[in-house]
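The values are calculated or read from the model by the stated rules, or taken from the named source; none is laboratory data. This structure is a prediction, so every number in the text was calculated from the model and none was measured. Cβ: placed from backbone, ideal geometry, glycine included. Neighbour counts: every protein chain shown. Accessible surface is based on the protein model in full, side chains and every heavy atom, while ligands, DNA and RNA are left aside. Shrake-Rupley method; radii C 1.70, N 1.55, O 1.52, S 1.80 Å.
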2 protein chains.
Amino acid sequence: MNTPDESLQDEAARAGWLYYVGGKTQDQIAVELGVSRQRAQRLVSRAMAEGLVHVRLEHKITACLELEAALARRFDLCEVRVAPGLGAGGDPNRAIAATAASVMEKYLRRTDPLVIAVGTGRALRASIDEIAPLIADQHRLVSLIGNIAPDGSATHFDVIVRLSDRVRALHFPMSVPVLSDTAAERALFQRLRTTKIVFELAQSADVTFVGVGQMTDDAPLRVDGFKTTDEMTDLRSAGATGEIAGWVFDAHGTYLDYESNARVGSVRVEAGRTAPTIGIAAGATKVRAIRAALTGRILNGLITDEPTAQALLSE
Amino acid sequence: MNTPDESLQDEAARAGWLYYVGGKTQDQIAVELGVSRQRAQRLVSRAMAEGLVHVRLEHKITACLELEAALARRFDLCEVRVAPGLGAGGDPNRAIAATAASVMEKYLRRTDPLVIAVGTGRALRASIDEIAPLIADQHRLVSLIGNIAPDGSATHFDVIVRLSDRVRALHFPMSVPVLSDTAAERALFQRLRTTKIVFELAQSADVTFVGVGQMTDDAPLRVDGFKTTDEMTDLRSAGATGEIAGWVFDAHGTYLDYESNARVGSVRVEAGRTAPTIGIAAGATKVRAIRAALTGRILNGLITDEPTAQALLSE
DNA sequence: CTAGTGTGCGGGCATTTGCCCACTACATGA
DNA sequence: TCATGTAGTGGGCAAATGCCCGCACACTAG
């Protein structure tokens, strides 16, 4: 009746429960479940790895609160969250994921139906993995960005599918190439009725969550194979400072009239929106890009970590 | 500017963050914060002790789901949650606290204003300590039970104050003796306008959370000094099986016409309510009391643990 | 039937953690 | 001024934990 995988998850969940909630040692758990200590240990760490057990900190560190206030003032933001940093070795996406998840949950829990637009990116991906499963089928989730990768696959950019899996909401992925070969090809996709619907929905979103890409050599655009190192150099010399949903902007947060901006298969997040438009991004190399997006009012909300917040504020 | 206590909490929170979210060792945290490892260890455990860090399990164990379904069918309940047991040594209240907290949070997060009535008891107390601080000032919290202890103090029964501290909701404690000396004294209190308001509010509550007291020698009534062992024996021989908010009922869940029921300073939870009326209780000695309350339809919801659920179902 | 592959298990060990204890710094009051 | 108390600190050590490694069992291709 149970698949082996399910009963394994059950066992892992039980071990995690006894360990984290019950405060028992792995030895005691092993005895209780009738397994070896080693298995108990594996179950506990599996419970953690599979995200069965969620840890959340319920205390706003004063230093972070001050940074939030300073950021809100400096860039006139409607929603700011600063997560404590994880120090030198830590992954900044990891640091902000739990915090971003709690902000997203805040919107998901609203009882009035919302249109929630999401972009892509590693930070966003890490964040939705931290969202507690909940039923939020009153909302509509819409993707800002195409889900067809250059090689035809869609797996790497399925942020919205993962999210809707978690919250059972109706979702509208965008069946458009992330980057068309020509502007004409993009125009073709844009004329499709289904694409139009998704575009209009995304543009009228009640709240938008996006990652922010930088233009340094560790840029997502380059790492994910959309640009070569040479192309990145060209972009930089043309003034490119950052990118949101594939649309490249300069140091003032003004979108560039650049060739490839005519081929990206995504909704451009326009500056000066009044609905919450929240960037989820952290890391030293992203600072300039984030500052540009905030300055140009492409974003009116930000979730970041402590060192990034400090860097954003120090001129 | 910071009180020493605040900055200590900040430090503890930061240490807890690095430990639980960042996955660092206490040594690394010690280096990062510039303190000794021992202090880092103390900060981490303080973060846990002060409830700064919350752990919650996001996986329903199949066995518990089955017990929930069986309980809902058997007793026709609108809300059932079964937490995994904590084994022989564990405190059942501890086991159900996290689960109860998440149910209470579900109601607290509702955007429409609710009247939420709460009783008292150890299980309830443990549960509200697990509730994540959130702003829920749209609701009104009302106490079902008086807050004046026999010795005049009020500290031991301040469940509602703790809860409203956490969620910032308007609260209505009941300034009435838990147990008056005479029925006449109680009548006096009942005639007070403020008491009447609280009574009416509590009786019209949209959702009610109560503990369930047993009549065995470890009964809360006896442990807290309201009854002697002899009185308990009398009660039992009169058919008393359990107690909710101080009102004693028999094995069928029918309230007894017992002398001290005329002196308790609390709102009687009437049988057959349609609004969710949820018992939070677990433990082998409470099984008969819980079953009676469910049978008599004093409760139409239950949060308990696995062994208790099993015992309730086995006739 | 057999060798190859791979997945999971328990043994054992280095690292990490929790906690007792003696010590110090500071406050309080005779 | 000095005894006394209290809170916090680090040393040290036993217990708990994480992890590597060799082994066994199952499944597969030849």
Output yes when any residue across segment B:52-68 is within 14 Å of DNA strand C (Cβ to nearest atom) and touching a Phe, Trp or Tyr at 6+ places or on another chain (Cβ under 9 Å), and no when none is. yes
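Tell me the residue from B:L33, B:L52, B:L18 that is surrounded by fewer than 18 Cβ atoms within 10 Å (Cβ to Cβ), touching a Lys or Arg at 6+ places or on another chain (Cβ under 9 Å), among the hydrophobic types (A, V, I, L, M, F, W, C) and farther than 30 Å from B:R291 by Cβ, please.
B:L33
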Just a yes or no: is a residue in segment A:227-234 open to solvent by 10 Å² or more (accessible area, probe 1.4 Å), within 24 Å of A:S143 (Cα to Cα) and either out of contact with any Asp or Glu (no Cβ under 6 Å at 6 or more places or on another chain) or of a type in the set (D, E, K, R) (or both)? yes
Would you check if A:A184 is surrounded by fewer than 13 Cβ atoms within 10 Å (Cβ to Cβ) and either under 17 Å from A:E270 (Cβ atoms) or among the aliphatic types (A, V, I, L, M) (or both)? yes
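Would you confirm, using the coordinates I've provided, whether A:D181 is in contact with a strand residue (DSSP E or B) (Cβ under 9 Å, 6 or more places away or on another chain) and assigned by TED's automatic domain parsing to the domain that holds A:L108?
Details: in contact with a strand residue (DSSP E or B) (Cβ under 9 Å, 6 or more places away or on another chain): no; assigned by TED's automatic domain parsing to the domain that holds A:L108: yes.
When the stated conditions are applied, A:D181 does not pass them.
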Considering residues that are more than 24 Å from the chain's Cα centre (by Cα) and more than 16 Å from DNA strand D (Cβ to nearest atom), the number found within segment B:34-62 is 1
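Considering A:A245, A:A238, which residue is small (G, A, S) and over 15 Å from A:I298 (Cα atoms)? So that I can check it myself, show each step before the final result.
Working: A:A245 fails: over 15 Å from A:I298 (Cα atoms).
Exactly one residue qualifies, and that residue is A:A238.
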Looking for something within 8 Å of chain B (Cβ to nearest Cβ), closer than 30 Å to A:I278 by Cβ and of a type in the set (G, A, S) - is there at least one such residue anywhere in segment A:4-14? no
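Taking segment A:16-33 as the search range and keeping residues that are among the small types (G, A, S) and in a helix (DSSP H, G or I), which one is farthest from the other protein chains (Cβ to nearest Cβ)?
A:A30
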Can you confirm whether B:R74 is surrounded by fewer than 16 Cβ atoms within 10 Å (Cβ to Cβ), assigned by TED's automatic domain parsing to the domain that holds B:L179 and farther than 29 Å from A:I131 by Cα? yes
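Among the candidates B:L33, B:L86, which residue alone is modelled with pLDDT under 85 and assigned by TED's automatic domain parsing to the domain that holds B:R273?
Just one listed residue meets the conditions, B:L86.
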Tell me the residue from B:L124, B:L114 that is within 16 Å of B:A282 (Cβ to Cβ) and touching a helix residue (DSSP H, G or I) at 6+ places or on another chain (Cβ under 8 Å), please. B:L124
Filter result for the condition that a residue is polar (S, T, N, Q), in contact with a helix residue (DSSP H, G or I) (Cβ under 7 Å, 6 or more places away or on another chain) and not assigned by TED's automatic domain parsing to the domain that holds A:T295, over A:Q41, A:Q28: A:Q41
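Here is a list: A:N300, A:N261. Which entry is in contact with a Cys (Cβ under 9 Å, 6 or more places away or on another chain) and over 16 Å from A:A123 (Cβ atoms)? Let's see the steps before the verdict.
Values: A:N261 fails: in contact with a Cys (Cβ under 9 Å, 6 or more places away or on another chain).
Exactly one of A:N300, A:N261 is in contact with a Cys (Cβ under 9 Å, 6 or more places away or on another chain) and over 16 Å from A:A123 (Cβ atoms), namely A:N300.
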Just give me the residues in segment A:230-261 being modelled with pLDDT of 90 or more and of a type in the set (S, T, N, Q), in sequence order. A:T233, A:S237, A:T241, A:T254
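Among the residues of segment A:21-30, how many are touching a Lys or Arg at 6+ places or on another chain (Cβ under 6 Å) and within 8 Å of DNA strand D (Cβ to nearest atom)?
Total meeting the criteria: 2.
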Residues that are under 12 Å from B:G211 (Cα atoms) and open to solvent by less than 10 Å² (accessible area, probe 1.4 Å): list the strands (runs of 3 or more DSSP E) wholly contained in segment B:235-315 that include at least 1 such residues. B:240-244, B:277-280, B:301-305
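Within segment B:7-51, count every residue that is among the β-branched types (V, I, T) and away from DNA strand C (no atom under 15 Å from the Cβ). Quick ask: steps written out before the conclusion?
Start the filter on segment B:7-51 by keeping residues that are among the β-branched types (V, I, T), which leaves B:21, B:25, B:29, B:31, B:35, B:44.
Now narrow it down to the ones that are away from DNA strand C (no atom under 15 Å from the Cβ): none.
Qualifying residue count for the region: 0.
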Out of everything in segment A:181-216 that is among the β-branched types (V, I, T) and touching a residue at least 24 places away in the same chain (Cβ under 8 Å), what residue ends up being farthest from A:V103 (Cα to Cα)? A:T182
